[in-house]
1. Only one of (1) touching a residue at least 12 places away in the same chain (Cβ under 8 Å); (2) surrounded by fewer than 17 Cβ atoms within 10 Å (Cβ to Cβ); (3) in a loop (DSSP other than H, G, I, E, B) is not met by B:Arg358, so which one is it?
2. Would you call B:Val734 among the hydrophobic types (A, V, I, L, M, F, W, C), touching a helix residue (DSSP H, G or I) at 6+ places or on another chain (Cβ under 6 Å) and assigned to a loop (DSSP other than H, G, I, E, B)?
3. Out of the range A:174-191, which residues are more than 12 Å from chain B (Cβ to nearest Cβ) and either surrounded by fewer than 24 Cβ atoms within 10 Å (Cβ to Cβ) or part of a loop (DSSP other than H, G, I, E, B) (or both)?
4. Please work out if A:Ala264 is facing chain B (nearest Cβ under 7 Å), closer than 29 Å to B:Gln861 by Cα and not in a helix (DSSP H, G or I).
5. Can A:Phe131 be described as touching a residue at least 60 places away in the same chain (Cβ under 8 Å), buried (at least 19 other Cβ atoms within 10 Å of the Cβ), within 14 Å of another protein chain (Cβ to nearest Cβ) and under 30 Å from A:Val208 (Cα atoms)?
6. Tell me, which helices (runs of 4 or more DSSP H) wholly within the range B:56-126 include 3 or more residues that are farther than 19 Å from B:Thr903 by Cα and over 33 Å from the mean Cα position of the chain (by Cα)?
7. Limited to the range B:687-702, what total is found for residues that are at the interface with chain A (Cβ under 10 Å from one of its Cβ atoms) and small (Gly, Ala, Ser)?
Amino acid sequence: MNQHGLLHNTRRQFLSQCVTGMGALAMASLCDGVAVNRADTHHPARAKRMIYLHMAGGPSQLDLFDHKPVLSQRHGELCPAEFFDGKRFAFIKSRPKLLGTPFRFGRYGGSGASLSEHAPHLRRVVDDLCFVKSMHTDQFNHAPAQLFMQTGSAILGRPSLGAWLSYGLGSESRELPAFVVLVSGQRGPSGGTALWGNGFLPSVHQGVRLRSQGDPVLFLANPAGIGGAERRMALDSLRTLNEIRLRQTGQPEIATRIAQYELAYRMQRSVPDLMAVDREPEHIHKLYGTEPGKKSYANNCLLARRLIERGARFVQLYHWGWDSHGSSAGENLRYSFVERCRQTDRATTALLVDLKQRGLLEDTLVVWGGEFGRTPMAEVFTGKYIGRDHHQHAFTMWMAGGGIKPGVTYGATDPLGYGVSEDPVHVHDLQATILHLMGLDHEALTYRFQGRDFRLTDVHGRVVSEILG
Amino acid sequence: MKVDVVVRRAIVVLSLVGSALVPIHAEDPHWAYEPVRVVPVGPLENQAWSRGPIDRYVLQRLETLQREPAREAPAATLLRRVTLDLTGLPPTPLEVASFVEDAAPDAYERVLDRLLRSPAYAERMATWWLDMARYADTHGYEGDGARQIWLYRDWVINAFLQGMPFDRFSIDQLAGDLVPEPTDTQRVATGFHRNSPFCYEGGTDLEQFRVEAVVDRVNTTMTVWMGSTFGCAQCHDHKYDPVSQEEYFQLYAFFNNATEATGARFTAVSPLRQAGAAALRARIARLEAQIAGHDVSDFRQTWMETQQHRGLRVWKVRDARSSGGASIDRLADHSLLVSGANPARDDYEIVYQWEGGRFAALGLEVLHHPSLPKGGPGRYEQNGNFGLSTLEISVSGPQPQSPWQTVEVAEAFASYEEPQDKVANALNLQQECWCTNQQEAQAWFVLRDPLMLAAGSRIRVRLRHASKWERHGIGRFRIWSTGEPGLGELGEMFPALNVVAILTKPAATRTPKEVDEADSYLRNVDPAQQLLHAEVARSKQGLRTAETMVMQERAKPRQTRVLLAGSHLNPGASVAPAIPAAWHAWDDRWPRNRLGLARWLMSKGNPLVGRVTSNRIWAMFFGQGIVTTSEDFGVQGTPPSHPRLLDYLADYFVRTNWNLQTLQRQILMSSTYRQSSDIPMALRGGDTSDRWYGRGPAFRLAAESIRDVALSVSGLLDRQIGGAGVFPYQPPGVYEQIHSFNTAWKTSERGQQYRRGLYTWWKRTAPYPSMIAFDAPRRSVCVDRRPRTNTPMQALVTLNDPVFLRCARGLAQRMRSTDDGSFTVGLRIGFRLCTARDPTSAEMEELTRLHARSFDKYRGQPAAAHTLAEGGIAAGPRANQVGVAEMAAWVTVANVLLNLDETLMKY
C-alpha cells in the first residue's frame, strides 16, 4: 500500500459507517458529490468522465479494422494446424478453413488507419482515435467475457468498472447517478445486469439503467392521480414528520433520508429533462441520425452526450447483435454484421464529433469494443451465410479523448490475424489504463471483502503508458 | 500446529516490512483459532442494570469508558423492535396494546416465546440464511434459465420452524445424502450446495464452470462455518491466514466428487409437509381400502339400466369400406378389424342403418388386436400407432337417393390423447391428428344439436388418415352412439365403453380381469362413494411432490489435482481430501468425504463455528457483529470489540446444544438489547457511532422486510407458508430486456402477488428491482452481511412503485373504515399500524393538515381522485364524488405513512 492507501482507508471507514447506518450524513454527501471531488484522485486525472461503447456479441476486428491481405490470399485453405490443435473454441469443432474478409478496406486520415467499407463515417474522426489491435482476453463465451471485461472477473459477484469509478470518484452531479447504463439492440447483453452491478460495493455505486420504455429510471414518475403539486405537498408533510422524529431521536440517518427524498424529487425533474432528446436542434439529429421517440443506439449516443454534459461520471452503452457465427441470418457476417455497422457507425462518429465541437472530448474518455474478437477461420464457410467464431487471442478496440494519444495504432497481430505479434494488451491492462486516465491507481483502488482486498484488475494489469497523450 | 501458524505469519510480516498494513505481533497466536474460554466479569459499579452475563460484559466495557447505558426503550418501541427482529413483520396494534398493558414480570418473555414459535419467525430466519446459501431460482450467466430448488427453501423454513439444532442443520445441508439411510428431507437439505451458479451458454467449457462451482462450495463452506475467507488460496498460498494452495485443494477434494454441476435431482414432498405426511398416507390407505371394499353389485345393475335408458348402443356395422383397398371385418364383439393392404393414406367409410331414436354423440373406441403391428391399435408397422386426422359424420334418409347432410360436431373428448396429438385435431380438415401412442382409448364426438332420426335412416362416418404420418390407419375400432350424453349425477360425462362392453357380455363369459376392471370403474362413479373419493383427492394434495436439486456423490471418485494459478487448464500434483494442518484436529473415525468434513466443522474442537454463528446472530439484532467483518475471523478481519462477550456467546451456544432460539432468547432478554436507541443530546451533531452498545440498535429494515411491512400494515399480506417462487408485480421491460431463456415475467394471481418477499422469484441476472434498490444481493455468491444504504432510488420505490401504491390504498381503506368512522381515529390507526406508537400532537396536526389539503385538492379534480383512489378502475356513481376525493386524501396520507423514516427503520 502507498500513500493513497490512507485516502482509501478513510473512504472505507466512511462507507462502513454508512453500512452500519451511523455515518449516514457522510453517505448523503457522497451521493450529492460534495465530499468527493477531484482532490480525491490518486494523481491528476486526464479524463473527468467516460463513455464506454460496448459492442456486445464481439464485433469482427478482421472485417472492421485489422486488415489482413495475407488472410484474403489464403482464403479457403485449411488453417495452420497450430491454430486449432490443443486450442479451445466455443463452437469450432474440427480444423476450419481460413476466411478472408469479404469487404473492401482503405487507409484514411493523416494517420493512415485502415478501415473497412462498413465504417464510412468513422473515417471522419479517424485521427482522433487510438486503435489497440493487440487486445486479448481470458474468456471465449459472451457472459463470462463480458463480465471479465466489465468486472475484471468471469465469475459473478464482482463490482463493475462503473461501480469502481463511482466508488473511487463519486458523482459530479447532484441530480443524476454517477454511473448510467443505456441498452440498445434486440436484447440486452448476455451478462445481464451483473455487468453494471455493484458486486460487494455499496449499492449506491451500481449502474442505473435509463430505460427507453416506461419510466427512464424505475419508479421515477409519480403514480397516476398524483400531480407535481400533490407530490410536493405530501413530501413537505413527510419532511415535517421526519424532522419531528429527528428532533426526538437525534438519529443522523433521518437527516440523510430527508435529503435523499429531496434528491429523488429533483431527479423527477432532471431526468425527464435529460431524456427530452427532441429538444435538440435539427442539425444534431442529422448528425447522429436520431429519430426522437424511437429507441436506438443513435438515441443512446445522443443521451450519452447529454448525460456527460449534466455531470454523469460514467455512461455505458451496450449494443447487442455482433455475434456473427454464420449459423443463421441473424448471425451472418454479410448481412447482420453489416446491419450492426450501419446502426452504429454514424452515431458513434457523431458522438465524437459532437464532444469535440463542445470541447468535451479532451477530458472525456471514449472507449469502443466488444468482449472478444472473431477468429480468422470460418466457423461456417459454405452455404447462405458466413461467419467467424469467438476469439480470445486477438481483437481490436479503440479509445479516444481524455488523455489518449490521438491518431495512433498500438500493437499488431500476425499476418493471419490469429495472435498478437506486438505489444499485447490484456483486458486487465486496459482496465488499469482506464483507471489511470481517470486519476486512479488500479493497485490502490481496493475494497475489502471476505477478507481480501479486491481490485478491478485482480492481481494483474499494467498501465499502457505508450498510448497516453 | 500452533508453531506453524506463528512461523508462517512471521514470514508474512517479514515480507511486508515497511508497510503499515499488518500491525500484528508475530508471536501472538491469532485469537480466533484459540479455544473458546469463558472469563467471568469482575465487580461492577452499576449493580442494578445487568440482567445476565451479556449485560455484565457490555457494562464492564462501558464503565471503563465511563459511560452509562441508556434507559430502557418504551414498551411499544421494544415490542416493535423485537417483533421485526424475530419475524420481519410489524406487531399488530392489538399485540402492542396487550403488551403495553401487561404488567406481569414475564410479559416480555412470553412475547419472545410467542414470536419464536411463529411461522413468521421461521421465514425471517430463512431469509437470513438464504443469502449465505446463495439461494436463487435461476442458474445465472447467459440465458440465466430457471432451476427448481424451492423445496430446499421449504427445508430451511421448516428447520427453523422445528427449532432444529445448528449442528444437525449444518450436517444435513453439507452431507444429508451421506448420513446412514438418509431421509427425503435430509437429501433435500443438500440443495445448500446445489445453489452455486452455473453457465449453460452455448460453447461453454463445462469443466470450467464445474470447477467454479466446486470452488464456490469450498469458499461458501469456509465463510459460513469457519468465518474464513479462502478465495485467494485458490491461486496462491494465503498471504495472511495459515492455508497453502495445496491445502486449499485438499479441502476442494471433499467437494470434487459430486455429480457434475448439472447433476442430481430428487423428487420429494415439501419438508414443510413432511410432518403430516405419514398420517396422511395412512389416511389415504384407509380410505382407499374402504372404497375397494365397497360392493357394487346393485349399482352395476342401475348403471347399465341408466346407459340403456340414455340410448347407448353399439353399432353392429355391416357396411365398412377402405379407400386404400384394405379389408374391414366385423368381429364377434362388434369391433371392426382392418387388414390387408396398407397404403400411405387410407380413409374408412362406415354406413350404418339407424334403429331409430335420439342421436347425440358418437363414441369411437380404438382397440388392440394380436394381428396388428405391436398389437395396435394402429396399423403403422414400426410401432402400432394410428393418426386420425378427421372424423366426419353425415346423415341421410332411408331412400338410397336421399341426399347426405353433414352433421356438425361441437366438441370431442378422449380418454387418452398425446399432448401434441389431441382428439380435437380430428374436428377439422387440417393435417394434425389424434394419436394415443399405442394405447387403447375411447373418444366421444358430441353433435352440436342432437338429432331425432327415423328408423332406417343412414348415418355415415368417415375416418380420415391424412396426417403427415403415412400408413397410420386405425387397426381395430368399435363405434357407439348415445342419445343423451353427460348426466352429471353419475360423475361421468360419457359412459366407459370398455365397461359397457364387459357388462353386456353374459356374466359367465367375463374373465376375472374384466370383472375387476368393470367393478373398479363402477366404484369410482358410484355416487355413494363420491365423498370418499373427494377425501382421497384432498389428502393426496398434501402429498404433492416436486423435483429439487440435490448433492450426490459419483460412484467413481474424481482424482483431485492442484489447479495451478487456480486455472482448470493447469492441473498440478494430485491431492487427497484433508483439512489444513493449522486447524483443529481430524478424527480418523470420520469418513474422508463431505460427511466427515461436516462432522469436523461441527466438532467440539472447532472454536470458530460457535464464535462465527453467534456473532452473526448478534449482528442480526444489533446491526453489526462483535467482529464487524463477520465473514472474516482471520488475521485480516477486524478484532472483536468484546472478545469475552463473544466467547461467552459461543460457549453458551455450544453448551445449549446448538439451539439458535435459546441463544437468541438469551440476547433478546438482555438489558443491552432493550435500551433506547435515541441519541443523547450531548452526542448530537458529532460522531454518533457506537461500538460499545451504550444504546439500543437502530437501522433500516432489510429489503424483504420493507416489502412485508407495507403489505402487512395495508392488510394485503398473504400468509401462505412455503412453496414455489412467486411473481409479484414489476414494471414491464425490466426482466424481459435481459438476455435470457425465460424472458416472460408472468405476474402471479391475486393473493400470490402479496406473498412475503422471500418467496419472490429470484433471477440472478435481473433480480426484483425494488429488492435490489434496498441492498438485497443477487445471490450469485455467499453473502453474510448486506450493506445498508440510503439512496434516492429507495425513495422512488416506496413513493411510486405500484406495489407500494397498492399498499397505500389498502392502508387508506383500513384507516377510513374504522369502527366509528371517526377521522382522528382513522389517522391514529394508520400511524399506529406503521410505527406501533401513538402520534404526538404535532404529528397529528401535520397529518390532519395533509388530509385536509389533499381533500381540498382532489375535490376539484374528480378524475385524478378516481385514479388515485381506485387505481384507474372506473368508479361508482358520480354522487360518490366526495367519497372518492376523501379516499384520495386517505391514500395520500397512507403513502406518506409508508414512507416515514420510522416505518422503514427499526428503532
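1. Going through (1) touching a residue at least 12 places away in the same chain (Cβ under 8 Å); (2) surrounded by fewer than 17 Cβ atoms within 10 Å (Cβ to Cβ); (3) in a loop (DSSP other than H, G, I, E, B) one by one, B:Arg358 breaks only (3).
2. Values: among the hydrophobic types (A, V, I, L, M, F, W, C): yes; touching a helix residue (DSSP H, G or I) at 6+ places or on another chain (Cβ under 6 Å): yes; assigned to a loop (DSSP other than H, G, I, E, B): yes.
When the stated conditions are applied, B:Val734 passes them.
3. none
4. Numbers: facing chain B (nearest Cβ under 7 Å): yes; closer than 29 Å to B:Gln861 by Cα: yes; not in a helix (DSSP H, G or I): no.
Here the answer is no, as A:Ala264 does not meet what is asked.
5. Numbers: touching a residue at least 60 places away in the same chain (Cβ under 8 Å): yes; buried (at least 19 other Cβ atoms within 10 Å of the Cβ): yes; within 14 Å of another protein chain (Cβ to nearest Cβ): no; under 30 Å from A:Val208 (Cα atoms): yes.
Answer is no for this residue.
6. Working: elements: B:75-87, B:93-101, B:107-117.
Filter on the range B:56-126 gives B:93-101.
7. Of the residues in the range B:687-702, 2 are at the interface with chain A (Cβ under 10 Å from one of its Cβ atoms) and small (Gly, Ala, Ser).
Residue-wise test of (1) touching a strand residue (DSSP E or B) at 6+ places or on another chain (Cβ under 7 Å); (2) modelled with pLDDT under 95; (3) within 10 Å of chain A (Cβ to nearest Cβ).
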site: B:Ala836; (1), (2), (3): no, no, no
site: B:Glu843; (1), (2), (3): no, no, yes
site: B:Arg853; (1), (2), (3): no, no, yes
site: B:Pro862; (1), (2), (3): no, yes, no
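The values are calculated or read from the model by the stated rules, or taken from the named source; none is laboratory data. For clarity, every value in this text was computed on a predicted model and none was experimentally measured. Cβ: placed from backbone, ideal geometry, glycine included. Neighbour counts: every protein chain shown.
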